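The values are calculated or read from the model by the stated rules, or taken from the named source; none is laboratory data. Fair warning: this is a prediction, and the values are worked out from it, not measured in the lab. Cβ: placed from backbone, ideal geometry, glycine included. Neighbour counts: every protein chain shown.
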Amino acid sequence: MLLDTRATITVECPHACPVVAMLRPRSGAAQWVVSERYAILPWVRPREYEDAFGNLCQRFTVPPGRTTLDVQSRVEVDAELAVAPDAAPTPIEMLPDDVLVYLLQSRYCPSDKLEARAREIVAGAAPGYAQVETIRRWIHENHEYRYGVSQESTDALNTMQAKAGVCRDFAHIGAALCRSLRIPARIVVGYLHQLDPMDLHAWFEAFVGGRWYSFDATQTAPRGGRVVMAYGRDAADVAFLSNYADMTVVDMQVRVDLAEEA
C-alpha cells in the first residue's frame with residue numbers, strides 16, 4: 001500500500017524560537033520511505049540527529065513572525081494490520097535490550113500504580129496478545145473520544161478517571177496497563193489513512209510473541225495504512241514540535257492519500 005502524507009504547519013513566534021521537530025518518517029521494518037520533501041518557509045537550515053529511540057529529529061531556530069513547515073512523504077506500508085491472537089508473552093530474559101525500557105513507568109504512563117486494575121480488566125484472557133487486545137477493547141468501550149478533556153499534563157490515570165480523551169490519551173492507558181502486566185509497550189505517532197477527522201494520530205504497540213504489534217483503541221477493528229513518524233515511552237518522547245521559547249501553532253493541515261502506483 002503506497003501512501004502520500006502531508007503535514008503543513010504554520011507557527012508564529014514573537015522572538016526567535018529554538019525548535020526540535022519530529023516530522024520525517026524513516027524506513028524500517030514497518031514501512032519504506034520512497035520519497036520525501038521537507039520545506040521551511042522562510043527557509044532556515046535544520047540539523048538532523050537520531051534520538052535515543054531511533055527517531056529522526058530536525059533541529060532549527062524559527063525566526064520572529066510566521067513560519068510554515070511543509071513535510072511530504074510517499075511511504076509504502078502494510079494495507080492490513082498484523083494480528084496474532086495466540087501470541088504468548090515474551091519472557092523478560094529473552095527481550096531485546098532496546099525493548100526493556102518499554103517495561104518502565106513513565107511520565108504519562110504510571111504503570112507502577114495500575115497492576116491491580118489491569119488484572120481486573122484482563123481476567124480470563126490468555127497471557128500475551130489476548131490480554132493486550134482485551135485492554136484495547138476495554139479502552140474503546142469505556143472511554144469517550146472527546147476533545148477538550150485532556151491537557152498536556154494529563155496522564156493515563158487522569159484519563160481513566162475522566163473516561164474521555166483523545167488518541168494520545170487512549171494510547172497512554174494502553175501502554176500503562178500493558179507495562180503493569182510486564183508486557184513492553186510503546187507509544188507511536190504518525191498518520192492513519194482515512195482517519196476521520198484527519199489529523200496526526202497516536203496509538204500503541206505491545207511486544208508479544210517476539211515482535212511488536214499495533215493496537216489502536218480509537219478504532220473498532222484492526223486497520224492498516226499507518227505511517228510511523230516516531231516511537232517513545234509516552235507523548236513526552238514523540239512530540240511533533242518541541243519549542244523552547246514562545247511559539248503558537250496558528251494552522252495545521254494534514255492529508256493522507258492513496259498514491260498512484262508508478
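Data overview
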quantity: Only listed residue being in contact with a helix residue (DSSP H, G or I) (Cβ under 7 Å, 6 or more places away or on another chain), touching a residue at least 12 places away in the same chain (Cβ under 8 Å) and over 24 Å from Asp234 (Cα atoms), chosen from Pro85, Pro110, Pro64; calculated: Pro85
quantity: Conditions (1) modelled with pLDDT of 95 or more; (2) assigned by TED's automatic domain parsing to the domain that holds Tyr147; number of the one not met by Pro197; calculated: (1)
quantity: Those helices (runs of 4 or more DSSP H) lying entirely in the stretch 127-221 with at least 3 residues within 17 Å of Ala82 (Cα to Cα) and in contact (Cβ under 8 Å) with a residue 60 or more places away in the chain; calculated: 129-142
quantity: Hey, Val166 more than 15 Å from Ala236 (Cα to Cα), among the β-branched types (Val, Ile, Thr) and in contact with a helix residue (DSSP H, G or I) (Cβ under 6 Å, 6 or more places away or on another chain) or not; calculated: no
quantity: Only listed residue being in the same structural domain as Glu205 (by TED's automatic domain parsing) and of a type in the set (Lys, Arg), chosen from Arg107, Arg59, Arg66; calculated: Arg107
quantity: Selection status of Ala130, of a type outside the set (Asp, Glu) and in contact with a Pro (Cβ under 8 Å, 6 or more places away or on another chain); calculated: yes
quantity: Contacts under 8 angstrom Cβ, first residue in the stretch 222-247 being in a loop (DSSP other than H, G, I, E, B), partner surrounded by 21 or more Cβ atoms within 10 Å (Cβ to Cβ) and of a type in the set (Lys, Arg), 6 or more apart; calculated: Arg233/Arg186
quantity: Strands (runs of 3 or more DSSP E) wholly inside the stretch 1-95 that include at least 3 residues being within 20 Å of the chain's Cα centre (by Cα) and over 17 Å from Val188 (Cα atoms); calculated: 2-13, 65-77
quantity: Selected residue [surrounded by fewer than 20 Cβ atoms within 10 Å (Cβ to Cβ), closer than 23 Å to Leu200 by Cα and small (Gly, Ala, Ser)] from Ala171, Ala164, Ala156; calculated: Ala164
quantity: Failed item, numbered, when Val101 is tested on (1) assigned by TED's automatic domain parsing to the domain that holds Arg179; (2) over 18 Å from the mean Cα position of the chain (by Cα); (3) surrounded by 11 or more Cβ atoms within 10 Å (Cβ to Cβ); calculated: (2)
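Here's the yes/no breakdown for (1) surrounded by 13 or more Cβ atoms within 10 Å (Cβ to Cβ); (2) of a type in the set (A, V, I, L, M, F, W, C):
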| position | (1), (2) |
| --- | --- |
| Met22 | yes, yes |
| Val34 | yes, yes |
| Arg37 | no, no |
| Phe53 | yes, yes |
| Gln58 | yes, no |
